[in-house]
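Accompanying notes for the structure given below.
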Amino acid sequence: MQYIRIRGGKPLEGEITISGGKNAVVAIIPAAILSQTPVMLENVPYIEDVFVLRDILVALGAKAEMPGHGRFYIDSTCMHNSRVPDELAVRMRASYYFCSALLARFGEGIVPMPGGCAIGTRPVDQTLKGLSALGAEVSSDFGQLHAKASRLKGAEIFLDCPSVGATINTLIAAVLAEGQTTIVNAGREPHIVDVASFLNSMGAQIKGAGTDVIRVYGVKALRGSSYTVIPDQIETGTMMIAAAATKGNVLVKDVIPTHMEALTAKLVEAGCQVDEYTDAIRVRMQARPKPVHVTTLPYPGFPTDLQQPMAALLSVATGTSIITETIFESRFKYLAELQRMGMRVNILDRVALIEGVPQLMPGRVLVTDLRAGAALVLAGLMAEGETLVGNTHYIDRGYENMEQKFNALGADIARISEV
Ligand code: EPU
């Protein structure tokens, strides 16, 4: 097994540049096949999920190239296949964006039930509801998502919850549908807005992305474009929390500060100094954090994807913090690993009571999902001594060059294959 070895206890100091947004790009790449002329994406993070999407595109008969410097070229002119291969679909959640994209492009999309992090049941009923309202025959039988329609027609869709995945799938299917589609109770996450901006750059007519009512005016065809992906909101947050957790001083660059407001507010409440600039945020911390209460919510609330790194920070708070996870029912599994490093925590269903300790101890821990990986690496950076973090493949799914970035801030992290 590969491990990340961390010799912790050093404050992070310096400047770091954030990569392009994972949860934006994993939807933008499938959406790119709506254009029959080539698309060039910029600021794409070269992470495992993106490599899987490239393999899916190639399996579907498209050309997909990654010529370096965060560029990703897609030419789907010769695409011929409507079925995403099983072994690729199960490797990530976002593979199901191909279902709506293939439906819009070819009238049929078949995607084996998507994989992704095991953090809850992760149903797909709202995606099925959206595609079905647009006139598709949909099913999720026999372990696959199947959507078929000779013609898609705009409709009014009320989502039961502001699901990121269902909002994006419905958007992708609606842009080439006939007439107007209205998505009510839509998700408002920055990555949803970025997918809409990308589709608009190709000629789509989407209004209201970023609010809870999105209107799509169907167009006949889309043309390729050159598009720059937004910075990763969760990598930004991870770096901000890491600066605070190591009592460091870090300028996090190439970010959109307004995307970080929920986290910034909690860091300030915990005693951090946070300075915002046009496209950068500086986080400084000198003492142990004060305890805070965090409740995860859809954007603009506190993101569930930062709940785990935040718990690492709060493990050394000067009192008891409460974290309430409202989005995913099984997103506390990693706390058992943090307990091995000295965290004091009681879990009552979706509520974690974290009683701060003066410091964490180094240890050998296993990552249970992507953001748990970030939390454990942060814990390793905080604890004085050597920590080994195993199951690193989860981290590679979503963080570009994590070790290099932390090392550039003065950490001592290395990837090792034997212990
Ligand atoms: N939900 C339903 N029915 C649906 C869809 C969702 O009930 O049809 C529920 C879910 O059970 C959950 C809530 O709605 O309770 C939110 O799910 P959502 O659909 O918004 O999440 P997702 O699209 O599966 C994306 C991100 C996650 C992130 C969540 C919440 C991608 C590829 N994944 O997942 O990111 O946690 O939104 O913001 O965009 C990660 O990056 O580590 C990650 C897990």
**OP:** Name the residues whose placed amide hydrogens come within less than 5 Å of the amide hydrogen of residue 366, ignoring near sequence neighbours (fewer than 5 apart) on the same chain.
**Re:** 390
Subject >> Neighbourhood net charge (10 Å Cβ-Cβ; Lys/Arg +1, Asp/Glu -1) for residue 325 >> reply: 0
Original post:
Using Cα atoms only, what is the angle between the long axis of helix 97-106 and the major principal axis of the chain, expressed in degrees (0 to 90) to the nearest 10?
Top reply: 20 degrees
Original post:
Given a Förster radius of 45 Å and the C-beta distance between residue 63 and residue 275 as r, what FRET efficiency does 1/(1 + (r/R0)^6) yield to the nearest 0.05?
Top reply: 0.55
**OP:** Within the stretch 1-38, find all residues whose amide N lies under 19 Å from a label point positioned 7 Å from the Cα of residue 51 along Cα-to-beta-carbon.
**Re:** 1-5, 19-23, 25-27, 29-30
Original post:
By the scheme Lys and Arg +1, Asp and Glu -1, what is the net charge of all other residues having a beta-carbon under 10 Å from that of residue 239?
Top reply: 0
Original post:
Spin-label point model (7 Å from Cα, Cβ direction): what's the residue 156 to residue 330 distance in nm?
Top reply: 3.8 nm
Subject >> Karplus-derived 3J(HN,Hα), 6.51/-1.76/1.60, for each residue of the stretch 3-11, Hz, glycine and proline x >> reply: 10, 9, 9, 10, 9, x, x, 9, x
Original post:
At what distance in nm do the modelled label points of residue 205 and residue 290 sit from each other, each positioned 7 Å from its Cα along Cα→Cβ?
Top reply: 5.2 nm
Subject >> Ranked 78, 161, 272, criterion: other C-beta atoms within 10 Å, fewest first >> reply: 78, 161, 272
**OP:** Take every DSSP beta bridge whose two residues both sit in the chain, then give the antiparallel share in percent to the nearest 5.
**Re:** 70 percent
Subject >> Estimated [θ] at 222 nm from DSSP helical runs (n ≥ 4, -39500 (n - 2.57)) normalised by residues in the chain, nearest 500 >> reply: -9000 deg cm²/dmol
Subject >> Positive-end residue of 256, 222, 314, charge dipole of the chain with Cβ unit charges >> reply: 222
Original post:
To the nearest 10 degrees, how steep is helix 48-59 against the longest Cα principal axis of the chain, on a 0 to 90 scale?
Top reply: 20 degrees
Subject >> the chain, dipole about Cα centre (Lys/Arg Cβ +1, Asp/Glu Cβ -1), debye to the nearest 20 >> reply: 100 debye
Subject >> Distance between modelled label sites at residue 407 and residue 132, nm, 7 Å Cα→Cβ extension >> reply: 5.2 nm
Original post:
What FRET efficiency would be calculated for the residue pair residue 268, residue 142, taking the C-beta separation as r and a Förster radius of 51 Å, to the nearest 0.05?
Top reply: 0.50
Original post:
Full extension from residue 125 to residue 182: what is 0.36 nm times the residue separation minus their Cα-Cα distance, to one decimal in nm?
Top reply: 18.7 nm
Original post:
Could you give the angle, 0 to 90 degrees to the nearest 10, between helix 190-201's Cα long axis and the longest principal axis of the Cα atoms of the chain?
Top reply: 30 degrees
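Just so you know, all these numbers are worked out from the coordinates, no wet-lab data involved. These figures come from a predicted structure and were not determined experimentally. Neighbour counts run over all protein chains shown; Cβ positions are idealised from the backbone, glycine included.
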